[in-house]
Amino acid sequence: MGSYAAGMIKPIELVIFDCDGVLVDSERIAARVQVALGAELGWPLTEDEVVDRFIGRSHAAIREQVAARLGEDTAATWLERFEQLHREAVDADLAPVEGLPEALDALTLPTCIASSGSHDKMRHTLGRTGLYERFAGRIFSATEVSHGKPAPDLFLHAARQMGVDPAACVVVEDSQPGVRAARAAGMRSFGYAGGLTPAARLEGPDTEIFYDMRTLSTLIAAR
């Protein structure tokens, strides 16, 4: 895998999962809501544009983009409406990513979550899908660090809290900011291309692309 020279690769000690789009199938919901809000508030966006601009980024980063385009007041309204509409949609039809429960059952390594979402949002989405208890006490949010993805801060924070060398961590991501953050943190990553983000946006050094969550434990074991 790219920069990891033969004989220098550390055995994997920790699997760091993103949340939205990796554990819970919420990115489709988020994209749908963002497109609707753009139409309502004056920034028409396609789903592809939403994926490119917003998916995988923190609320602070999204707010910054909306404020630059539409002003601070509209940005505040946008985020407030997003929280409300996203919560309603999650309650209506959120499910785990296909194959995810089986993937977790097959993993024997320690795991944690490092997500751009807030703790409240993750409590809600993970709770709705029955996944919260699997990760309770090992959930880290971009709200805990200065810079969200694609900066490495969140993944380095998660590794530090879990007591694991970044070089012994592997990240499971589905967004371009996420795989870029993993590379910046010196971590190997698996880019899940079974969701909204095309494989081409995830490809890069030290990143292996995969399409089926059920294959994850076998892929990790091969590393």
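Under the rule of at least 5 residues apart or a separate chain, name every residue whose amide H is placed under 5 Å from the amide H of SER58.
Here LYS149 satisfy the definition.
Under a 10 Å cutoff between Cα atoms, tell me which one of ALA92, ALA182, ALA30 has the largest fluctuation in the Gaussian network model of the chain.
ALA92
In whole percent, what relative contact order does the stretch 40-171 give with Cα contacts below 8 Å and a gap of six or more residues?
Relative contact order of the stretch 40-171: 22 percent.
Return one whole number: the accessible area per residue of the stretch 138-223 in Å², for a 1.4 Å probe.
Value returned for the stretch 138-223: 38 Å² of accessible area per residue.
With a 1.4 Å probe and every protein chain kept in, tell me what percent of the accessible surface of the stretch 1-143 is carbon plus sulfur.
For the stretch 1-143, the apolar C and S fraction of the accessible surface comes to 48 percent.
From the square roots a ≥ b ≥ c of the eigenvalues of the alpha-carbon gyration tensor of the stretch 97-223, which class results: rounded (a/c under 1.5), prolate (a/b over b/c), or oblate?
rounded
Report the net charge of residues surrounding LEU219, where surrounding means a beta-carbon distance below 15 angstrom and charges are Lys +1, Arg +1, Asp -1, Glu -1.
Charge balance in the 15 Å sphere: -3.
Keeping all protein chains in place, calculate the accessible area per residue for the stretch 23-135 (probe 1.4 angstrom), answer in Å².
In whole numbers, the stretch 23-135 has 48 Å² accessible per residue.
Could you state, as a whole-number percent, how many of the C-alpha pairs of the chain are farther apart than 23 Å?
44 percent
Using alpha carbon centroids, what distance separates the stretch 165-223 and the stretch 92-139, in Å?
Using only Cα atoms, the two centres lie 17 Å from each other.
Any idea what the dipole of the stretch 154-223 comes to, in debye rounded to 20, about its Cα centre with Lys/Arg Cβ at +1 and Asp/Glu Cβ at -1?
120 debye
For GLU208, enumerate residues with amide H under 5 Å from its amide H, sequence gap 5+ or separate chain, H modeled in the peptide plane.
SER189, PHE190, GLY191
At a 1.4 Å probe, what is the % contribution of carbon and sulfur to the accessible area of the stretch 157-222?
49 percent
Between SER115, ILE9, VAL50, whose Cα lies farthest towards the positive end of the dipole of the chain when Lys and Arg beta carbons carry +1 and Asp and Glu beta carbons carry -1, centred on the Cα centre?
So the residue furthest toward the plus end is ILE9.
Could you identify which residue out of VAL24, VAL66, VAL170 has the top mean-square fluctuation in a GNM of the chain using Cα springs shorter than 10 Å?
VAL66
Do you know the relative contact order of the chain, to the nearest whole percent, from alpha carbon pairs under 8 angstrom that are 6+ apart?
27 percent
As I understand it, the dipole of the stretch 75-132 uses +1 on the Cβ of Lys and Arg and -1 on the Cβ of Asp and Glu, about the Cα centre. Which of ALA103, PHE82, LEU131 lies farthest toward its positive end?
Ranked along the dipole, the leading option is PHE82.
Hey, what did the stretch 1-115 get for relative contact order, percent, Cα under 8 Å, at least 6 apart?
Contact order relative to length: 45 percent.
For a quick check: with amide H placed at 1.01 Å from N, whose amide H comes under 5 Å from LEU14's, ignoring anything fewer than 5 positions away on the same chain?
Hits under the 5 Å cutoff: VAL170.
Determine, from the Cβ-Cβ distance of ASP120 and ASP48 and an R0 of 30 Å, the FRET efficiency 1/(1 + (r/R0)^6), rounded to the nearest 0.05.
Once rounded, the FRET efficiency stands at 0.60.
The values are calculated or read from the model by the stated rules, or taken from the named source; none is laboratory data. From a predicted model like this one, the values you see are computed outputs, not experimental measurements. Note that each Cβ is placed from the backbone with ideal geometry, even for glycine, and that neighbours are counted across all protein chains shown. SASA here: full protein model, heavy atoms, side chains in, ligands and nucleic acids out. Shrake-Rupley method; radii C 1.70, N 1.55, O 1.52, S 1.80 Å.
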